[in-house]
Amino acid sequence: MPGIPTATETERLARRRRVFDRLEARVVQLYLARPDADVVPVYESLRYALSFARLTGVRTSDGDDIDVDGPLQLHAWTLRDLVEPLIKRADSLWEVARVMPEVVASTRRARASLLEHLPIPREDLEAEVTTRLLAVASGGGGGAGYVYPGCYEQLEHHGLAPSLMAGTSIGALMAMFRARRARYDMAPLIAGARALAWTRVFGAFHTKNRYGMPAALRLQLRHLLGSMFRTEDDSRPLWLSDMGIPLFIVATGITMDALKHDLDYYEHLLDDDLRSGMRAKLRSGFKTIGVIREFLARRDALEQVVLGRTPGTEDFDVLDAAGFSAAIPGVIHYDVLRDDPRMVRILDALYADHGITRLGEGGMVSNVPARICWETVVSGAYGRRNVFVLALDCFAPHARKLAWFPLMQAVRTANVEDDLQFADLYLDFDRTLSPMNLVPSVKDAMTAMRWGSRRMEPHMPFITEMMRPIPVLGD
């Protein structure tokens, strides 16, 4: 896998490519609003021209990466200046038709020049221009995230399988069910929902901690789901590298500078509230919000760790990755305390390399990991660099969720707004289970999945059309 771009390189590539991503999306929306058969030649030629102008690199069938950014920059900016004003204000693609002879001629000349001067086979160039990968970023938000499987089901129903998935917290837990196999099967997820019970999911903490932040409740993922996430021969647990769809899981590396209190404070934060009654639940909720906001205020002391992508974590245990991503400081603890020398080696190396003292809730650094999806594909990690990023956010601020609104807004300001610059379609959800409903009944979980499916359904024509291969522009 090529090296993941630095922040500076990602920003440079975004300035170079994102303008054409947005223009192509606008062209598709205009076409879907008025799908006139007579405008199809304009539509397809314009999509090809925009996708060609977006090129920054091409992977050949021999595995060579050819940089085309420099040779195409003048053509790209000339094309942008020609079509961007028209596309942005157009109500119909016919309003762009008058410049299409110039657009097509310029694109053909630039293509011929690339093929003449660079060692790029024609078929490899056309494959890069005309096809794209689908990446799905599933955000954190506790029990609200049970809407996500309904979205995955809509993609499957329309014949679309992600080429990459990234998840945070509950988004990681839901994504790991989807990513187990290339073909979507909801049966394991439903079986997991049937097995949910508070005493099976959580236990009182009262144990030592080594890699995770201490907290009031211990997340028992392996006890609950261990039998579902094993290799086909049942010889070992599944690793991230075993997934049928590549899966990245976001966790937060916590440094000593991020800790405002000693570790005992987090371990006993909710001791007085672990009893029934509305007042206790309210107090727990306010304490949880307070702790997360404290960490968000020290973002400079937090390290983004992308399990599965960060060097050395490619073979991270899937359940361990999801557990750490969902571990809220002071509230939910996850750790590797079992006898597992392989995972201990991976974690010790990770902590040493990144100068962190604990792993925890991924939403503190990237609650909707759209950027991770975009920059990974654009880096050439999967050969093709064109990508459509679908960002799913169950924790978006909504007026009807007043109790959670301050935290939702804080998370959005802290990192979600930056990530959304890299999303081609962003979906929030006004109908979800409560974030506190971490262990819903089967009925509630299935209801949430239906809400997700219904939210996604109106957007499927756009997603499907964006993923449809673009016809090659003839010579």
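The values are calculated or read from the model by the stated rules, or taken from the named source; none is laboratory data. These figures come from a predicted structure and were not determined experimentally. No Cβ is skipped: glycine too gets one built from the backbone with ideal geometry, and neighbour counts run over all protein chains shown. Side chains included, ligands, DNA and RNA excluded: accessible areas come from the protein's heavy atoms. Shrake-Rupley method; radii C 1.70, N 1.55, O 1.52, S 1.80 Å.
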Q) Name the pairs: first residue in region 331-345 and charged (D, E, K, R), second residue in a loop (DSSP other than H, G, I, E, B) and exposed (fewer than 15 other Cβ atoms within 10 Å of the Cβ), Cβ to Cβ under 7 Å, at least 6 apart or on different chains? A) 335/210
Q. Within region 111-128, is there a residue that is part of a strand (DSSP E or B) and either among the hydrophobic types (A, V, I, L, M, F, W, C) or modelled with pLDDT of 95 or more (or both)?
A. no
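Is it the case that some residue within region 458-472 is under 20 Å from residue 141 (Cβ atoms), open to solvent by 20 Å² or more (accessible area, probe 1.4 Å) and touching a helix residue (DSSP H, G or I) at 6+ places or on another chain (Cβ under 8 Å)?
Within region 458-472, the subset under 20 Å from residue 141 (Cβ atoms) is 459.
Cutting the leftovers down to open to solvent by 20 Å² or more (accessible area, probe 1.4 Å) gives us 459.
When the remaining residues are screened for being touching a helix residue (DSSP H, G or I) at 6+ places or on another chain (Cβ under 8 Å), the result is none.
Within region 458-472, not a single residue is under 20 Å from residue 141 (Cβ atoms), open to solvent by 20 Å² or more (accessible area, probe 1.4 Å) and touching a helix residue (DSSP H, G or I) at 6+ places or on another chain (Cβ under 8 Å).
Within region 193-201, is there a residue that is polar (S, T, N, Q) and more than 30 Å from residue 377 (Cβ to Cβ)?
Yes, because at least one residue in region 193-201 is polar (S, T, N, Q) and more than 30 Å from residue 377 (Cβ to Cβ).
Every residue, every condition in (1) open to solvent by 10 Å² or more (accessible area, probe 1.4 Å); (2) modelled with pLDDT of 95 or more, yes or no:
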residue	(1), (2)
312	yes, yes
319	no, yes
328	yes, no
333	no, no
337	yes, no
344	yes, yes
349	yes, yes
352	yes, yes
369	no, yes
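Being more than 27 Å from residue 376 (Cβ to Cβ) and either in contact with a strand residue (DSSP E or B) (Cβ under 8 Å, 6 or more places away or on another chain) or of a type in the set (Asp, Glu) (or both) narrows it down to one residue among 419, 444; which is it?
Values: 419 fails: more than 27 Å from residue 376 (Cβ to Cβ).
Testing whether each residue is more than 27 Å from residue 376 (Cβ to Cβ) and either in contact with a strand residue (DSSP E or B) (Cβ under 8 Å, 6 or more places away or on another chain) or of a type in the set (Asp, Glu) (or both) leaves just 444.
Quick one: would you say residue 305 is buried (at least 19 other Cβ atoms within 10 Å of the Cβ) and under 24 Å from residue 411 (Cα atoms)? Break it down stepwise before answering.
Numbers: buried (at least 19 other Cβ atoms within 10 Å of the Cβ): yes; under 24 Å from residue 411 (Cα atoms): yes.
For residue 305, the condition - buried (at least 19 other Cβ atoms within 10 Å of the Cβ) and under 24 Å from residue 411 (Cα atoms) - is met.
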Q: May I ask you to verify whether residue 87 is in contact (Cβ under 8 Å) with a residue 60 or more places away in the chain, hydrophobic (A, V, I, L, M, F, W, C) and in a helix (DSSP H, G or I)?
A: yes
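Checking the condition open to solvent by 70 Å² or more (accessible area, probe 1.4 Å) and outside any helix (DSSP H, G or I), which residue from 35, 41 passes? Show your work before the answer.
Values: 41 fails: outside any helix (DSSP H, G or I).
Result of the check over 35, 41: 35.
Residue-wise test of (1) surrounded by 24 or more Cβ atoms within 10 Å (Cβ to Cβ); (2) among the hydrophobic types (A, V, I, L, M, F, W, C); (3) closer than 18 Å to residue 316 by Cβ.
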| residue | (1), (2), (3) |
| --- | --- |
| 133 | no, yes, no |
| 141 | yes, no, no |
| 147 | yes, yes, no |
| 154 | no, no, no |
| 158 | no, no, no |
| 169 | yes, no, yes |
Q) Given the conditions (1) open to solvent by 50 Å² or more (accessible area, probe 1.4 Å); (2) modelled with pLDDT of 85 or more, and given that residue 276 satisfies all but one, which numbered condition is not satisfied? A) (2)
Q: Report those helices (runs of 4 or more DSSP H) wholly inside region 353-458 carrying at least 2 residues which are farther than 20 Å from residue 22 by Cβ.
A: 405-411, 442-456
